[in-house]
1. Look at region 309-336 and say how many of its residues are of a type outside the set (Val, Ile, Thr) and open to solvent by less than 20 Å² (accessible area, probe 1.4 Å).
2. Can you tell me which of (1) under 13 Å from the mean Cα position of the chain (by Cα); (2) modelled with pLDDT of 95 or more is the one Tyr414 doesn't meet?
3. How many residues are under 16 Å from the mean Cα position of the chain (by Cα) and touching a residue at least 40 places away in the same chain (Cβ under 8 Å) when one looks only at region 268-318?
4. Could you identify the single residue in Leu652, Leu635, Leu657 that is buried (at least 17 other Cβ atoms within 10 Å of the Cβ), part of a helix (DSSP H, G or I) and touching a strand residue (DSSP E or B) at 6+ places or on another chain (Cβ under 8 Å)?
5. Would you mind finding the one in Ala530, Ala471 that is assigned to a loop (DSSP other than H, G, I, E, B), open to solvent by 30 Å² or more (accessible area, probe 1.4 Å) and at pLDDT 95 or above?
6. In this structure, is Val481 buried (at least 20 other Cβ atoms within 10 Å of the Cβ) and not in a strand (DSSP E or B)?
7. Considering each of Asn276, Asn357 in turn, give the residue that is at pLDDT 95 or above and open to solvent by 20 Å² or more (accessible area, probe 1.4 Å).
8. From the list Gly612, Gly605, Gly599, pick out the single residue that is modelled with pLDDT of 95 or more, open to solvent by less than 20 Å² (accessible area, probe 1.4 Å) and more than 33 Å from the chain's Cα centre (by Cα).
Amino acid sequence: MRTRSRSAILLFLAMLLAFPPFLSSGSAWAAEPGAAAPATLPEEQGNLPNPYGGTDYYLDASGGDDAHDGLTPTTAWQSFDNVNAKVFEPGDRILLKAGEVWEDQQLWPKGSGAPGLPITIDRYGDPEAGKPYIAVNGNVDNPVTWQNGDFRKDKHKVGLTGAIVLRNQQYWEIHNMEISNDDDFDTDIQGSARLPGNSYVRDGISITINADLLAPGDDKIMDYFRITNNYIHHIDGPSDWQKIHYGGIVFQVFGEKSYKEYDEGAYYFQDVRIENNHFYKTELHAIQFAFNWFYDRDLASGEYDETGKFHEGWEQLWVRNRDLYSRDVYIGHNYAEDIGQGAIQLANTKDMLVEYNEVNGYLQRYDAVSCGLYLWAGADSVMQFNEVYGGPWGEYDGTPWDLEYTNFNVTYQYNYSHDNAAGWMAYMGNSSNSVARYNLSVNDNGVLVKNMLSTNYAPTYFLNNVFVYDAEQMDWFHDEVFIDTVYFLNNVFYNVSETTPTKWYRKPGALDKAVFSNNAFYEAGGVHSAQQPHDPQAVLADPKFVADPMDYKVDNGVLNIVDSAANYQVASDSPLIDAGRYNPRVGGEDFFGTHLYYGDSIDIGIHERQVGVRVDDPVDTDPIEEEGEETRVNLALGKPITANTTHPSPGLGADKLVDGSTATRWASADPDDMPDGYPIIITIDFEEEIVFDEIYLDEYTDSGTNLRIQAYELQRYDAVGGTWHTFKTVADGMGHDVTLDDFGAVTTSQLRLRITEQIATEYWTPTMTEIQVYYSGGA
């Protein structure tokens, strides 16, 4: 244990204020004109009469005595023993003396407040003395052990790992605390948590719902939390995944049984505000909000959505279907520096606003997937006016933002990211109406839009973003394959390299399902890549920003984020003015609060210049969603289909090949389950004789699934002779979005696809999304 005297702590705090590796000059709390002001309680609140009419209890680590009654500053308690043993009443306050230090103690007061009568933890005394400091030094019970190849949670210990703990409690406020939970500030926990004795879970503030420990009649929804103006630092833990979240401020929901065994419409947090907190060197997160740990990892936890698509349990569609979202959450004006994994990791929440948060360094010690600030499996939420920088290169995600799995109506807007080596946005798919609009990215070299692991419920939109990057240092615009429709409208792609054109993709067919319209593509070297996306309305000229695009602002503070973006406004003679394409998903304002739009059309980029007549109620008269729609009859749609091999996992049957959707797929059995090998034979029965002259085929790929088909044949059935005849042979692979129309008109009642050969370098067997059949009548 590392013991810290009060004088050492005061010296540490003095150094903190004097030297800013802890608090960058740009993260000071001086608001710019017009910026949203932080909603914090006055710092002297603990010195004022209790506004709720409850009882105040005082603690003084150096001058108190546990034999006192704790009811006045002169009769204060010393340790947390009396507090932890007491059940507090609505309206009570627990007041810790400013500048005092509590070592090796956890604060876990019991009881809940009530509407209008929260229980409050705050400070009293001279604010100049500093915040009360709870230094737990890692003295918390570890709830996780590595057993038989997996991490196991002790349901009686999970959630009890914080310096401050609340479990199955509600109506609480926590203000003005300093917190650490580390036995050695100078040495990080090293090595895997799987090693004996090396599993640690530590938190700053841990607030949990433990469904297995609720008594009959207990509330299952935890309401009203206010956490403001705390300084939380040095929360140490292993830098690998233990199947539990930990960090500075952590809200989690625990339950060891299947999610199907718990009530619907319960087990969530609501009405939560986390504001104006400062985090330094916390593992894993600065803030983690609302992840639900009900068991969902077996095959039986999977479920089908309304489209017939199968979802494994870990995708957490069940949170939406069972109304388990936390809700009505505000997370704003927090500063996080040197964070081990994802700085602000949010989950399983709807109706959330996340704004004016600043992240300075994330994924600093964690060697697996995560991002700077993101929401997983959430809905109807907005991330805006956040600034993220200092992310590493080489992480699988690693980007500042992430359009995550199982999100519905989640928007990222007016955010500023810079100097993130992994890229700009991770994009997982499996979402509906995900929107990224009016964001600014500078020097986020790496991969601009990273991944896409699943098809979507509805398309994703990237609108009016500005990307400034150096193609010589970047990897690609996209590193995988867009496997469902993604729209890119009115974005600026500005490559500052004079030697290397933009590298748009690394995999064949990567952009086949990406639709580009009215984007600006600027290459400082004057040479455009042959990979550049097709965009009939592209602007190729210099965008004419008002300042040098690489003269970007750092250390300006998140409250000055609009000023930071001002260099990317456009000059009066910019070719971006009126050159965009209106779509309702652009929203109502640009980055600077200007109405959308003015003039003949919306502008390209993050700035709408007020030129021309104001259009008060814009209308999309040329919906991009209607371009390229197939109006012909798909003769294979819904017809009987068989395959001589199919993977046993749910949702991968041959019927998915004729459902008209590239969001579903068929998969053949694994190699060990195919004793007869090739050919793989798929047969469609049209149930009558038809004529066709065009066939559409589409292989499925994702980050772990490459193209696999090397050779195939198409055959028609001769009903008279009872024989099959080949009319098309392909030996150079199938791939994405393949249209075959060079075989003439074919008359038959059945169509057969014979996959005869697999790509030699691929071990796993083929998987496809669609077989569509058309007759153009010779047109």
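The values are calculated or read from the model by the stated rules, or taken from the named source; none is laboratory data. Bear in mind the structure is a predicted one, so any value in this text is a computation, not a measurement. A quick note on method: Cβ atoms are made from the backbone with ideal geometry, for glycine too, and the neighbour counts reach across all protein chains shown. Ligands, DNA and RNA are excluded from the accessible area calculation, which covers all protein heavy atoms including side chains. Shrake-Rupley method; radii C 1.70, N 1.55, O 1.52, S 1.80 Å.
1. Number of matching residues: 14.
2. So the condition that Tyr414 fails would be (1).
3. Selection size over region 268-318: 12.
4. It is Leu657.
5. Among Ala530, Ala471, only Ala530 is assigned to a loop (DSSP other than H, G, I, E, B), open to solvent by 30 Å² or more (accessible area, probe 1.4 Å) and at pLDDT 95 or above.
6. When the stated conditions are applied, Val481 passes them.
7. So the residue among Asn276, Asn357 that is at pLDDT 95 or above and open to solvent by 20 Å² or more (accessible area, probe 1.4 Å) is Asn276.
8. Residue meeting the stated conditions: Gly599.
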